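First comes the structure, then the notes that go with it.
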Amino acid sequence: MRGADAGLRERPAARALLLVLAFAFLALFLAAPLAIVFVEALRPGLGAYLAHLAEPDARAAMRLTLTVAAICVPINVIVGLAGAWAIARFRFRGRNLLVTLVDLPFSVSPVIAGLVYVLLFGAQGYFGPWLKAQGIDVIFALPGIVLATLFVTFPFVARELIPHMETIGSSEEEAALLLGASPWRMFFAIVLPNVKWSLLYGVLLCNARAMGEFGAVAVVSGRIRGETTTMPLHVEILYNEYMGAASFATASLLALLALVTLAAKAGVEWRFAKSIAAQAPAGSE
Amino acid sequence: MSVALVVENLEKRFGEFPALRGVSLHVAPGELVALLGPSGSGKTTLLRAVAGLEQTEGGRILFGDQDATGLSLRDRRIGFVFQHYALFARMNAFENVAFGLRARPRGQRPPDSEIRARVSALLDLVQLRGLETRFPAQLSGGQKQRVALARALAIEPRVLLLDEPFGALDAQVRRDLRRWLRDLHQRTGHTTLFVTHDQEEAMELADRVAILNGGLLEQVGAPDEIYENPASAFVCEFTGEANRFLGRVRGGRATIGDAFDLPHMRGPVEGDAALLVRPADVALASAGVPGVVSGRRRHGAGLRIEIESPHARGIVEVDARPDDALAQAARIGAPVFLHVARAHAFPA
C-alpha cells in the first residue's frame, strides 16, 4: 500500500491532471448553472428583477413555500428527535423495520410519494370522498403539499441524530435521572445540548429540501396559480410560458437559499468538529 | 441517613443468558462491600439492578424497610458513580456537582446560596477546590473520578454504588485513590457497594467481599475469612495465587502422591480432591512431592521458581530467597522436592 502511495505522490503530473479534471467537472456542472441563474435573472436590470419578485403570484409562491417549511421543519424536528432517540436507546421488536422506514423516502421517487397521497386523499381516493364530505381539501391544497413535503424531508433530521446519539451513549442520561432529574429536564439539560450541532445540521438540510422539493409537490398541488404553487413550481410554470427572466428571478432566490444553506452547513460542521474534539478526551478515557 | 441494602433472590436474564441466578446479599448501614468477579459474572448487572437501571425478573431489593420495586430512579436516591464517570460534558465541574440539587422539584430545591455552599463543601471534600470552572475534557482521570463522586454525594444518597471505580486509571493514581476512598468512607459513612474485577482492590478496600461467578454468589465474607477459608476452588483461585495439586483425602488427612501427608488441610472432602495451595504454603525441601524445575525468575525481593510435577495441574510456583541453598541448586531441568504446609481441599 505504502509503495503505491509513494508512487502516486512521485507523479505530480498525474495529481495535477486529476485536480484539473475534478475542478473542471465541478465548474461545468455545478458552478456554471448556478452562475447562469443569477446572470439570466439580472439581465433585464435590477429594477425588472425586483419587479418580477414583487408580482402577486411570485409573492404568493414565496409565502406558500415559507408556510410549508414552517410547518414541516418543526414537525420533522420533533418526530426526528423522538424516532432517533428511540432507535439509539432501545432494543425493541421492529427496530430494524423502523430504521429502514426512516430511509424509505430516500429510496422512493418523490413523484411516487405524491401519487400515493393522491390515491389516498384525492377525489377518487380511499379517504377523499369522506374528507370532501367533511369539507376538508387535502389534494390540490396546503395539507397535501405539507404531507408530500413531510414525506420527502423526514429522513434528514433522524438520519443525522441516530449515529451521533449512538456514539454519545446513554450513561449521561442515566446519571441525570439517578440524580433526580425529571425526564424533561434530562432531555433539555443533557440530550439536547449534546446533539445540538447534528440537530442543526439536520434542520438545515431538511429546510433546504422542504423549500426546494419539486416532484412530490407537483403531483399533489394542482398548480393553481397564486394558491398552490410553491417557488419551484412557480419557476417551472413561468419557464414553460417563456417568461425566462421572471422565472430566473424566482430561481435565483432558491439558488441563494442553497448558497446560504451551504455556508451555514460549513459553519455548523466547523463548530461541530470543534465540539467533538472537546468531547473526545472525555469519551475515550 | 445511610440505610441497609438488602437484595433477595434477584433473577435477571438477557435473552437466554442468565445474568443473575437468585442472588441474595445484605449490606449493613455504613458498610463498604465489594462485588468481586470475573467479567460476565453479573456484578455490574447486580449493581445496575440495585440502581434501578436494569429490570429484574424475580426477587426484590430493599433500602432499609422500603421495597424498591416500582420506585422511580429519582425516588431511590442512589449515588451512582459510572465506570467512565458519565460527567456532563457540557457542564463544568461545579455545575456537574450542583446538578442533583438544581434538579429537585421547586418546593424541595435549596436556595442558590445554599447550593453554592454545598457544592463548594463537596469539592473541598474531594480535594478539587479551584477546579470549579474546568470542563470534564480538561480534567485528568483521577479528577473526573472525584467530580463524579462529589456529584453522587450531593443528593445525600441513601446508598452509594460505584462501578469499577478505579478501572480506567493507571496504577499509581489507583493506589492513591483507593486509600483516599477508604478514608472518605470512614468520614462520611455511606452504605457503599462497589464493583471490581481486581481482587487486591476488593480485599484491601472492603469490609466484606461478595464473590460472584456465573450469576451466582459463591461466597460473602470479610477479606481475611475469604482468603483463609475459601468456600470453593473458584474463590480460592480468584482471590489470590494458588497452586493446584491432585491428591486424596481419607479420614480428614490429605495425601499427595503415594506418601506425602499434609500437616494441615481444610475442606469437607473425602476421596479424590483438588488441593489448592497458596505460594506461601509450599517450599523447596529435601524430601516430599517430586517435580522438575521448568523456570525461574525474579519476583520482587526473592525468586519465583516454576516446577512441573506429575501430582499438580499446571505449573507450581514456589517463592524462595535467592541465597537459599536449595533454590540455588534449582536450575532449569533439575529434580526437586516440595514441602506443602497447608492446603484447601475441594472435590476434584
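Quick notes
- Residues losing 10 Å² or more accessible surface upon assembly, the range A:146-181, compared with the chain by itself, 1.4 Å: A:Ser171, A:Glu172, A:Glu174, A:Ala175, A:Ala176, A:Leu177, A:Leu178, A:Leu179, A:Gly180, A:Ala181
- Leaving ligands and nucleic acids aside, the B/A contact buries around 2200 square angstrom of accessible area in total at a 1.4 Å probe radius.
- Angle in degrees between helix B:141-154 and the longest Cα principal axis of chain B, rounded to the nearest 10: 60 degrees
- Take every pair of alpha-carbon atoms less than 8 Å apart whose residues are at least six positions apart; their mean separation over the length of the range B:5-233 yields a relative contact order of 30 percent.
- Separation of alpha-carbon centers, the range A:143-168 and the range B:114-173, rounded to whole Å: 39 Å
- Sequence-distant residues sharing a close amide H with B:Val81 (under 5 Å, placed H): B:Leu161, B:Leu162, B:Asp163
- Between helix B:93-102 and chain B there is an angle of about 70 degrees, using the helix long axis and the longest principal axis of the Cα atoms.
- Charge dipole (the protein assembly as shown, unit charges on Cβ, about Cα centre) - positive-most of B:Gly15, A:Ser247, A:Leu199: A:Ser247
- Carbon and sulfur %, accessible surface of the range B:5-233 computed with the full protein complex present, 1.4 Å: 46 percent
- Angle of helix B:112-125 to the longest C-alpha principal axis of chain B, folded into 0 to 90 degrees and rounded to 10: 20°.
- Basic side chains Lys and Arg get +1 at the Cβ, acidic Asp and Glu get -1 at the Cβ, and with that the dipole of the protein assembly as shown about its Cα centre reaches some 1120 debye.
- Relative contact order [Cα under 8 Å, 6+ residues apart], chain A, whole percent: 28 percent
- Measuring only protein heavy atoms, the 1.4 Å probe finds B:Met203 accessible over about 40 Å².
- In this view, the solvent-accessible surface of B:Phe337, computed with a 1.4 Å probe and all protein chains in place, comes to about 90 Å².
- Cα centroid separation - the range A:23-94 against the range A:107-135, whole Å: 24 Å
- Prolate/oblate/rounded call for the range B:1-91, Cα gyration tensor, a/c under 1.5 rounded: rounded
- Dipole magnitude for the range B:5-233: about 1140 debye, using +1 per Lys or Arg Cβ and -1 per Asp or Glu Cβ, origin at the Cα centre.
- Accessible surface ranking for A:His234, B:His84, 1.4 angstrom probe, highest first: B:His84, A:His234.
- Magnitude of the charge dipole, the range B:228-329, Cβ model with Lys/Arg +1 and Asp/Glu -1, debye to 20: 60 debye
- Contact order normalised by residue count of the range A:26-171, Cα under 8 Å, 6+ apart, percent: 30 percent
- Note on the protein assembly as shown: helix-only mean residue ellipticity at 222 nm, from DSSP H runs of 4+ residues weighted -39500 (n - 2.57) and normalised by residue number, equals -16000 deg cm²/dmol.
The values are calculated or read from the model by the stated rules, or taken from the named source; none is laboratory data. What you are looking at is a predicted structure, and each value in this text was computed from that prediction instead of being measured. Neighbour counts are summed over all protein chains in view; Cβ atoms, including those assigned to glycine, are modelled from backbone coordinates with ideal geometry. Just so you know, the surface numbers come from the protein's heavy atoms only, side chains and all, with ligands and any DNA or RNA stripped out. Shrake-Rupley method; radii C 1.70, N 1.55, O 1.52, S 1.80 Å.
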